[in-house]
Amino acid sequence: MYKIIGADQKEYGPVTVDQVNTWILEGRANGQTLAQAQGSSEWKALLSYPEFASVLAAKFPAPPLVGSAYPAATANAALARGVDVHVGECLSRGWRLFRNNLGLFLGASLVFLLIRFGLGFVPIIGPLAYFLIFGALQGGFYLVFLKRLRGEASGVGDLFAGFSQDFVQFMLTGIVTSVLVFIAVLFCVLPGVYLVVAWKFSLALVADKRLEFWTAMESSRRVITRYWFQILGVIVVAYLPLMLFIGYSLFHVMSVMLPVMVNSGGPPNFGQIVKMMSGFFTLSLVQQLIALFTLPFATASLMCAYEDLFGTRPAPTA
């Protein structure tokens, strides 16, 4: 026997497996519909119960990519939910999600950062390769968190899901958002800041709803524009330790480099150069260590906000 939460956010049941399967076939329930098994206190998506797998597969085969004609429809469906996004609530739920999945999230973050850090040391080819694969890697990273948020099984391997499914869309989303943000910042900082926040859920939408890159970008922008300051608040607070250290690192680098540049008239002091490079490398390692803990907490908090806006989970009320 199961209880389910319908599209109207009301609770139904307890009902039998056959009744739930009937609702699936009628289109009244889907894989993301939350259900609670009798005797359990946990709500999980129907697709996590094996007894519904065959009916879900028959009713909802793997969807094709949603074309570019639907950004307004996707955004309007999310905005129609009329939810409130609270910075403190997202951070609190994100912290609980992070704490309850500590090993998985730290493992996925470690692999993600090692790839980024390692490619950064490969001249020319490394940064170019990361630029091309960033979208798929980040999309898979979001997927790890979304699955656990929805009570689904997940593993570090999901980090690479974007390489086997819709890689081109992930790649285009990563490249186009990066290039347009760079252009916006080049001409005026404020539009660039707006777009960084407004497109924050673009890759999550490609991973979760299999949208094409422009549809995902526009859907993210349309929805986040209404909640722009709340999403910015989540980003700033969650990433604050990392941002403070980056600020300190930049100040330290400038304070070391400036005297060297001013007094560069004589022959180069290779001992001093090696010492400086060693210090910069240490700063970079410490930054990655801080990112190892900041990144999963921030991502968990952002995915809680994403789920409130775009997911099927009932949004929390104030």
Looking for something out of contact with any Ser or Thr (no Cβ under 6 Å at 6 or more places or on another chain), at pLDDT below 85, among the polar types (S, T, N, Q) and part of a helix (DSSP H, G or I) - is there at least one such residue anywhere in segment 297-317?
no
Mind checking which residues of segment 12-49 are part of a strand (DSSP E or B) and open to solvent by 60 Å² or more (accessible area, probe 1.4 Å)?
Y12, P14
Condition test on L114, is it within 25 Å of A300 (Cβ to Cβ) and either touching a helix residue (DSSP H, G or I) at 6+ places or on another chain (Cβ under 7 Å) or in contact (Cβ under 8 Å) with a residue 40 or more places away in the chain (or both)?
no
Considering residues that are within 21 Å of L302 (Cα to Cα) and open to solvent by 50 Å² or more (accessible area, probe 1.4 Å), the number found within segment 117-146 is 1
Within segment 232-255, does at least one residue satisfy the condition of being aromatic (F, W, Y), surrounded by 15 or more Cβ atoms within 10 Å (Cβ to Cβ) and within 26 Å of L159 (Cα to Cα)?
yes
Mind listing whichever residues of segment 153-182 are more than 16 Å from the chain's Cα centre (by Cα) and of a type in the set (D, E)?
D166
Residues of segment 200-212 that turn out to be open to solvent by 10 Å² or more (accessible area, probe 1.4 Å) and within 14 Å of A305 (Cβ to Cβ), as a count:
2
Any residue in segment 131-142 that is closer than 11 Å to F167 by Cα sitting within a Cβ distance under 6 Å of a residue that is polar (S, T, N, Q)? List the pairs, counting only those 6 or more apart or interchain.
G135/T173
Could you list, in sequence order, the residues of segment 51-69 that are modelled with pLDDT of 80 or more and open to solvent by 50 Å² or more (accessible area, probe 1.4 Å)?
E51
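The values are calculated or read from the model by the stated rules, or taken from the named source; none is laboratory data. Computed from a prediction, not measured in an experiment: that's the story for all the values here. Cβ sites come from the backbone with ideal geometry, for glycine too, and all protein chains shown count toward neighbours. Heads up: the accessible areas ignore ligands, DNA and RNA and are worked out on the full protein's heavy atoms, side chains in. Shrake-Rupley method; radii C 1.70, N 1.55, O 1.52, S 1.80 Å.
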